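Reviewing the structure listed below.
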Amino acid sequence: MAKPCCWSWYVFGDLQESTLLDVWNCSEAYRFRKRMLALDFRDCPVNCDQNVRPIGFQRSQFRKAYYLVRRDPTGTMKKALRKFGLTTAQVKRIPKTP
C-alpha cells in the first residue's frame, strides 16, 4: 500500500498492482495534495509533528474509522472485535428468519 507518510492511514494505491507513476497521479493522491496546499490536514493523524493544524484527537479517530470502514468494512470490523478482546467466534450470531 502506498501512503503519503508512515503515520497516515490514507492509502493512495498499491504498488504491486499499479506503477509508481499511476499511484502518484491517481485521484486520491491529487485530492490529498490539494488539501495539503490548502492547509487542510483532515487526513493526517493528530500526533504527526508536521501537522500544523490538528483537528482534535476524537475527530481524527472518527475520520480514520470512517475511512477504514469505507475501504474494508469486513476487515475493519474484525480488527475492532480483536481490539475489544473478541473474535468472530465469540460474537453471537442472530439466525436469519425466512
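So what is the relative contact order for segment 1-68, in percent, with contacts set as C-alpha pairs under 8 Å and at least six apart? It would help to have the intermediate numbers written out before the result.
Values: 70 pairs, mean separation 17.1, N = 68.
Across segment 1-68, relative contact order equals 25 percent.
Where nothing but the Cβ of Lys and Arg (+1) and of Asp and Glu (-1) is charged, how large is the charge dipole of the chain around its Cα centre, in debye to the nearest 20?
The calculation lands at about 640 debye.
Taking the Cα atoms of the chain, what is the range of coordinates along each of the three principal axes, in descending order and whole Å?
The Cα atoms of the chain stretch 51, 34, 25 Å along the principal axes, largest first.
Which ³J(HN,Hα) values, rounded to whole Hz and listed in residue order, are derived for segment 25-33 from phi using the Karplus coefficients 6.51, -1.76 and 1.60 in 6.51 cos²θ - 1.76 cosθ + 1.60 with θ = phi - 60°, glycine and proline given as x?
So the Karplus estimates, Gly and Pro as x, are 9, 6, 5, 5, 5, 4, 4, 5, 5 Hz.
If you count only protein heavy atoms with a 1.4 Å probe, what accessible area per residue comes out for segment 1-78, rounded to a whole Å²? Working shown, then result.
Values: 5800 Å² over 78 residues.
Here the residues of segment 1-78 average 74 Å² of exposed surface.
Using a 1.4 Å probe and ignoring any ligands, DNA or RNA, find the accessible area of Ser27 and quote it in Å² to the nearest 10.
70
I want to check a number: in the chain, how many lysine pairs have alpha carbons closer than 26 Å, given a sequence separation of 8 or more or different chains?
14
Between helix 57-71 and the chain, what is the angle of the helix's C-alpha long axis to the longest principal axis, kept within 0 to 90° and rounded to the nearest 10?
With rounding to tens, the tilt is 70 degrees.
Around Ala2, which amide H atoms from residues at least 5 apart in sequence, or from another chain, sit under 5 Å from its own amide H, with H modelled in the peptide plane?
Those lying under 5 Å, H to H, from Ala2 are Phe12, Gly13, Asp14, Leu15.
Using Cα atoms only, what is the angle between the long axis of helix 73-83 and the major principal axis of the chain, expressed in degrees (0 to 90) to the nearest 10?
70
Run the accessible area of the chain with a 1.4 Å probe and give the carbon-and-sulfur part as a rounded percent. It would help to have the intermediate numbers written out before the result.
Numbers: 4660 of 8080 Å².
Using a 1.4 Å probe with all protein chains present, the chain comes out at 58 percent carbon and sulfur.
The values are calculated or read from the model by the stated rules, or taken from the named source; none is laboratory data. Note that the structure is predicted; figures quoted are calculated from it, not measured. With ideal geometry, Cβ positions are generated from the backbone for all residues, glycine too; neighbour counts draw on all protein chains shown. Surface areas here come from the heavy atoms of the whole protein model, side chains and all, with no ligands, DNA or RNA. Shrake-Rupley method; radii C 1.70, N 1.55, O 1.52, S 1.80 Å.
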